[in-house]
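Note sheet for the following structure.
The values are calculated or read from the model by the stated rules, or taken from the named source; none is laboratory data. Quick caveat: nothing in here was measured; it's all calculated off a predicted structure. All Cβ positions, even for glycine, are placed from backbone atoms using ideal geometry, and neighbour counts span all protein chains on display.
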């Protein structure tokens, strides 16, 4: 009985060293494998699917007449999505057009006055020539009557008539000449009115363009191709200018991976990347390093750290890296911004 209890003891002593040896061998194999892997790769799980999201904001106020999309519907850039009640803006456009027409007619009336005044220049010049002729004849008659009067061939009454005719002709010539500055001033005044009316006409044209622009804002279109989400409006609702209506998630998705600054030494542009999406059961999606952020993520935070305050604790910073997704459309359709991913960069 004593021999049977003593014989198994050496075997029990060998079990623990064997298990320990296997664990040590496994640890060595795992360590060597990880070391070799990390010599040619950099990886991080601080990454997510990212993409541009365009918030669509009302540019004018109005009641919602139509909504031409459903929640989470795919739309194309330029598609009409919302129509606001545009009656107020059509009336404002008509008012602007009427004001423009009135100003245009005013400009045309002033231009007609200028043309009429300029035509009067020719008439007045002819009147001056006629007055010159009358003055010349009256002067000739005066000279003849003076000689006859000196020779006592005519009466003084006849001579006085010749003097009066000469003086009247001279006054008529002076009156005709005095009208020329008046006409010239009238033309200059009309031209100034034309310039002022033209500037007002430009303002009226701008008012018409602005009214047309405001009217166009009542038709809200998709700013880009993508999925419409986060709808905040209903038919019949009054929306104010500046209020958000919905958002459009763009098709152009990418990965934002936040690598530690100590990992950036071997990461270069155009290196190949393996992307493992958590939602796809770690399915590998190919990618390529596209660009690097201009600063660390901490610098873009709401309250960036200020090491000059004296409370300095060195923390390894992370640098956002943009990765292009080189997958087919079937995979891209399944991706959504915000999904978590693991990223492995092939550095060698």
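Can you tell me which of 283, 290 is under 30 Å from residue 226 (Cα atoms) and within 30 Å of the chain's Cα centre (by Cα)? Break it down stepwise before answering.
On the way: 283 fails: within 30 Å of the chain's Cα centre (by Cα).
Criteria check complete, one pass: 290.
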Scanning segment 313-347 for residues that are over 16 Å from residue 277 (Cα atoms) and assigned to a loop (DSSP other than H, G, I, E, B), the one modelled with the lowest pLDDT turns out to be 313
Within segment 1-48, the residues that are modelled with pLDDT of 75 or more and not in a helix (DSSP H, G or I) are 41, 42, 43, 44, 45, 46, 47, 48
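Could you please find all residues in segment 226-241 being farther than 27 Å from residue 91 by Cα and surrounded by 16 or more Cβ atoms within 10 Å (Cβ to Cβ)?
Taking segment 226-241 as the starting set, the residues that turn out to be farther than 27 Å from residue 91 by Cα are 226-232.
Listed by number, the residues that qualify are 226, 227, 228, 231.
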- request: With the condition kept exactly as written, say whether any residue in segment 303-312 is assigned to a loop (DSSP other than H, G, I, E, B) and in contact (Cβ under 8 Å) with a residue 12 or more places away in the chain.
  value: no
- Query: Looking at segment 268-280, is at least one residue surrounded by 15 or more Cβ atoms within 10 Å (Cβ to Cβ), assigned to a loop (DSSP other than H, G, I, E, B) and free of Cβ contacts under 8 Å to residues at least 60 places away in the same chain?
  - Reply: no
